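Visitor: Here it is: the structure, laid out below.
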Amino acid sequence: MTRFVRGYNTSVTETVPAYSPLPVAFYLEPTLLAARNLLGAFVVRRFADGETAVGRIVETEAYTVGDPACHAFRGKTQANAAMWGRPGTAYIHINYGLHFCLNAVTAMDGVPEAVLIRAIEPVTNAARLLRNYTGQTEATEAEALSDKRIGAGPGRLSRAFAISKPVFNGYDLTDAGGDLFLAAGEPVAEEAVTTTTRIGITKGADFPWRFYVSASRWVSRR
C-alpha cells in the first residue's frame, strides 16, 4: 500500500506549497481505506489575507454506495451533486441547517462516496482558527491550542477554517495552489487507531466506519 508522507512544519509564515497535496490516486483507494488513511493527513487553508492555517486530521467517517446513511443513498440532488464528482473533490453538506461539514469525495467519477472529516488538531496558526471561530480579534496561540472548539467536530472545524458550502462545495482538494486542500502527512500506526461506529445517524448506525487517533484529545466523541 502506498503511503504519502510529509513532515510537520509549525511556522505560521509557512507557505501552502510546503505541504504536498494528496493525489487523485489516494482517493481511488476503497473508501473505508481512504477514511482510515486520512488520519495523520493535513487540512491546509489559505485565507484571503495571506495567512495559512493547518490542522492534522484525527477523526473520519466513511460513507459508501448502498449505505443507508450516505447522502447519495436516495439518488442525486442539487444538494449532494458534488458527491458524483472527481475523486478528491470537496463535498460540503449542511448539518441541522446550521453547520457546514467537509467531506472528501472518493471512488471513481460518478460513484457517490465520501469521507467526512470529523476532527482535526491544530498544527499551524491555531490562533487564527480560534479568531475565526469566536469572531474575537484577540487570541494567542497558547489559548487556541487548548480550545477544542476549533477542531473537535465537523461543524466546529469548518467554522474555524472558514469553510462554507457556497465557496468550497465541489472544490478541488488536490490543488496545491488552492485555498483549501488535503495534504500528505505522517502515517498513523494501526495500534494507534480506534475503529468504531459512526455518530449522529440512525440508519447504518452499526457500521464500524469511524476511525480516530486513539490518543488525540481533539476527537469529537469517544
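Only the coordinates and a few stated rules stand behind these numbers; no lab work does. Here the structure is a predicted model, which is why all the values come from computation and not from measurement. No Cβ is skipped: glycine too gets one built from the backbone with ideal geometry, and neighbour counts run over all protein chains shown.
Visitor: Which of E121, E190, E61 moves most in a GNM of the chain, Cα contacts under 10 Å?
Guide: Of E121, E190, E61, the most mobile in the Gaussian network model is E190.
Visitor: Another one. Using r as the Cβ-Cβ distance of A25 and K203, and R0 as 41 Å, what FRET efficiency do you calculate, to the nearest 0.05?
Guide: That pair, A25 with K203, gives E of 0.85.
Visitor: Quick check: pseudo-label points 7 Å beyond the Cα along Cα→Cβ at Q78 and R149, how many nm apart are they?
Guide: Simple spin-label model gives 3.3 nm for this pair.
Visitor: Just to be sure I understand, if you calculate Kirkwood radius over Cα pairs in Å for this structure, which of [x] 17.1; [y] 18.2; [z] 17.6 do you get?
Guide: So the calculated entry is the one marked [x].
Visitor: Another question, if that's okay. Taking only C-alpha pairs under 8 Å that are 6+ residues apart, what is the relative contact order of the chain in percent?
Guide: Contact order relative to length: 28 percent.
Visitor: Suppose each label sits 7 Å from its Cα in the direction of the beta carbon; what would the L98-R221 distance come out to in nanometres?
Guide: 1.5
Visitor: Could you name the lysines whose alpha carbon sits less than 24 Å from that of K203, not counting residues in the same chain fewer than 8 places away?
Guide: Once the sequence-local lysines are set aside, what remains near K203 is K76.
Visitor: Once you mark the chymotrypsin sites (Phe, Trp or Tyr not before Pro) that are in a DSSP loop and have at most 15 other Cβ atoms within 10 Å, what is the longest gap between them in the chain?
Guide: 97-222
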